[in-house]
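Structure first, then comments.
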Amino acid sequence: MRAKHDIEAEAWQLLEKSIIYYQGRPIGTVAAIEPGSNALNYDQCFVRDFVLSALAFLIKGKPEIVRNFLTETLSLQSQEPQIDSFKPGPGLMPASFKVESEDGRQYLTADFGEHAIAKVPPVDSCLWWLILLRAYVKATGDISLFHQKHFQKGIKLILQMCLVHRFAMYPTMLVPDGSFMIDRRMGVYEHPLEIQVLFYTALRAAGELLLRNDDSCSLYNSVHKRLASLTYHLREYYWIDLKRLNEIYRYKGDEFGKEVANRFNIYADSIPHWLTEWLPDSGGYLAGNLGPGRMDFRFFTVGNLMAVITSLASVQESQSIMNLIEQRWNDLVGYMPMKICFPALEGMEWQIVTGCDPKNTPWSYHNGGNWPVLLWLLAATSQKTNRLELGRKAIALAEKRLIEDSWPEYYDGKNGRLIGKEARKYQTWTIAGFLVAKALINNPQYVDLLSFES
């Protein structure tokens, strides 16, 4: 096995190799640098992917590429009124962009979902952009960037899009299936946890970034009103532990009126059998989704761990989430940190929910696959909750395999022992996620780039 410093050195060499240049300036990183493979869209810079590269560069003291990325992606933001229903509305950030050349002139082309599988727009891109802008400002102290008029306009457009009047009675954001990291049909439509936690985090970031003047006063107030109701909603209704599970089990259905216990009309028979045995006494987590007559009891990693990092989860709830990971380590971490969701959809349920998706077969890809990029989230939460032994154990697992397996995109199998059947190698956010995880576990101040006070 190679020395640990050699692994980090190779990771940095690969990350530097992935940089995209535009008019002589670094502006992002490609999704993967696997040699000799069909590029598809892996030669583009994805907004959500670059967040990990950006954190790595900020920690390394190389903020220029992050500043350039924020500036160029802002120039790509959709700002035109949505006259054509097939075009993105104002405020939307692209899923990805690419540097093109014609007659010796470089220009950027953006993909807002037009080329994506099933043509789904990237709901999370604008949320991650706001989160990254705040992280950049915290790392550099460069407040002049977000003070610029076009940055303030971009922030306002995102907020206006997210806070628009809706046919809804909940403070959560309604989105289609496949509109975030899980970008294929997986039954994550409606109010998926990942989007709600990113929405919460973006609102908190916007509360710090939005300049308070006559033009933004109303919007600033709307942000804080929505944030208050969203926080209450997520903490009150998404949380699951043994006490809460017993309450749901004894719910009465079809209650009418304002003061009802079963507010979302969840039927006790919808509690899956696996959960009653799987949930430990001292563990808990935020449900994957919640809506009318529907609670998705699956564990989704990004939403839960981001809730810990950003203080959406209380101190006690954060410890319960870490207890769950520790006590169900083989299920959620296995041989490669860590599962994107648990458990996988199988059998008839897989056929119906995924539409027989051959890439999302059980325990593969987004259907219970293991994603090494999520290592950084586990490291950050381990640091935030003072459970460093969990983060170090996970990093040790990754160090054994990632460099030998050529930094793959994802792993398959119930315990993550198999390199993903269609996984790209030299996946940039796998590389960046490892570097960020190492930095986070060794230095608690880096968690502050993404965390908030309770």
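Do we find a residue being at pLDDT below 95, open to solvent by 50 Å² or more (accessible area, probe 1.4 Å) and either in a loop (DSSP other than H, G, I, E, B) or among the charged types (D, E, K, R) (or both) anywhere in the stretch 216-235? No, the stretch 216-235 has no match at all. Pairs meeting the criteria (first residue in the stretch 413-433 and touching a residue at least 24 places away in the same chain (Cβ under 8 Å), second residue open to solvent by 60 Å² or more (accessible area, probe 1.4 Å) and not in a strand (DSSP E or B), beta carbons under 8 Å, at least 6 apart or on different chains) are 415/330; 415/335; 416/335; 417/335; 426/35. The condition of being of a type outside the set (Val, Ile, Thr) and either open to solvent by less than 10 Å² (accessible area, probe 1.4 Å) or touching a residue at least 60 places away in the same chain (Cβ under 8 Å) (or both) holds for only one of 409, 389, that being 409. When residues in the stretch 347-384 are screened for being buried (at least 20 other Cβ atoms within 10 Å of the Cβ) and not in a helix (DSSP H, G or I), 10 of them pass. The residues listed here are 78, 179; of these, the one that is crowded, with 22+ Cβ neighbours inside 10 Å, modelled with pLDDT under 95 and not aliphatic (A, V, I, L, M) is 179. Could you please tell me which pairs satisfy a Cβ distance under 6 Å, a separation of 6+ or placement on different chains, a first residue in the stretch 173-199 that is free of Cβ contacts under 8 Å to residues at least 60 places away in the same chain, and a second residue that is open to solvent by 10 Å² or more (accessible area, probe 1.4 Å) and of a type in the set (Lys, Arg)? These pairs meet every condition: 177/185. The numbered conditions (1) open to solvent by less than 60 Å² (accessible area, probe 1.4 Å); (2) assigned to a helix (DSSP H, G or I); (3) farther than 17 Å from residue 181 by Cα are all true for residue 150 except (1).
Out of the residues in the stretch 274-319 that are of a type in the set (A, V, I, L, M) and not in a helix (DSSP H, G or I), which is surrounded by the fewest Cβ atoms within 10 Å (Cβ to Cβ)? Reasoning before the result, please.
Pass one, the stretch 274-319, residues of a type in the set (A, V, I, L, M): 275, 279, 286-287, 290, 295, 302, 305-309, 312-313, 315.
Subset that is not in a helix (DSSP H, G or I): 279, 286-287, 290, 295, 312-313.
Values: 279: 21, 286: 25, 287: 23, 290: 23, 295: 18, 312: 25, 313: 29.
Per the criteria, the residue is 295.
Here residue 398 meets the list (1) surrounded by fewer than 19 Cβ atoms within 10 Å (Cβ to Cβ); (2) of a type outside the set (D, E, K, R); (3) more than 24 Å from residue 284 (Cα to Cα) almost entirely, failing just condition (1). The set of residues in the stretch 135-147 that are of a type outside the set (Val, Ile, Thr) and part of a helix (DSSP H, G or I) comprises 135, 136, 138, 139, 144, 145, 146, 147.
Please determine, by comparing only the residues of the stretch 244-273 that are free of Cβ contacts under 8 Å to residues at least 40 places away in the same chain and not in a loop (DSSP other than H, G, I, E, B), which one is nearest to residue 320 (Cα to Cα).
Of the residues in the stretch 244-273, the ones free of Cβ contacts under 8 Å to residues at least 40 places away in the same chain are 245-247, 249-273.
If we keep only those that are not in a loop (DSSP other than H, G, I, E, B) as well, we get 245-247, 249, 268-270, 273.
Numbers: 245: 14, 246: 17, 247: 18, 249: 20, 268: 23, 269: 25, 270: 23, 273: 21 Å.
The selected residue is 245.
Within the stretch 365-416, being in contact with a strand residue (DSSP E or B) (Cβ under 9 Å, 6 or more places away or on another chain) and farther than 26 Å from residue 178 by Cα holds for 401, 405, 406. Restricting the stretch 103-123 to residues that are farther than 17 Å from residue 44 by Cα and modelled with pLDDT of 90 or more, the residue that is surrounded by the fewest Cβ atoms within 10 Å (Cβ to Cβ) is 105.
Only one residue in 204, 166, 250, 226 is over 30 Å from residue 356 (Cβ atoms), in contact with a Pro (Cβ under 7 Å, 6 or more places away or on another chain) and not hydrophobic (A, V, I, L, M, F, W, C). Which one?
Working: 204 fails: in contact with a Pro (Cβ under 7 Å, 6 or more places away or on another chain); 166 fails: in contact with a Pro (Cβ under 7 Å, 6 or more places away or on another chain); 250 fails: in contact with a Pro (Cβ under 7 Å, 6 or more places away or on another chain).
Within the list 204, 166, 250, 226, the selection yields 226.
Across the stretch 320-341, the number of residues qualifying as more than 17 Å from residue 308 (Cβ to Cβ), surrounded by fewer than 23 Cβ atoms within 10 Å (Cβ to Cβ) and either within 20 Å of the chain's Cα centre (by Cα) or polar (S, T, N, Q) (or both) comes to 1. Condition check for residue 231 on (1) free of Cβ contacts under 8 Å to residues at least 40 places away in the same chain; (2) among the polar types (S, T, N, Q); (3) within 25 Å of residue 292 (Cα to Cα): one failure, at (1).
In this structure, residue 61 does not qualify as closer than 25 Å to residue 306 by Cα and touching a Cys at 6+ places or on another chain (Cβ under 6 Å). The set of residues in the stretch 425-454 that are of a type outside the set (Asp, Glu), at negative phi and open to solvent by 30 Å² or more (accessible area, probe 1.4 Å) comprises 425, 442, 443, 444, 445, 446, 454.
The values are calculated or read from the model by the stated rules, or taken from the named source; none is laboratory data. Treat the numbers as computed from the prediction; the structure is a model and nothing was measured. Here the Cβ is made from the backbone with ideal geometry for all residues, glycine too, and neighbour counts use every protein chain on show. When the accessible area is computed, the model is the full protein with side chains, heavy atoms only, and any ligands, DNA or RNA have been set aside. Shrake-Rupley method; radii C 1.70, N 1.55, O 1.52, S 1.80 Å.
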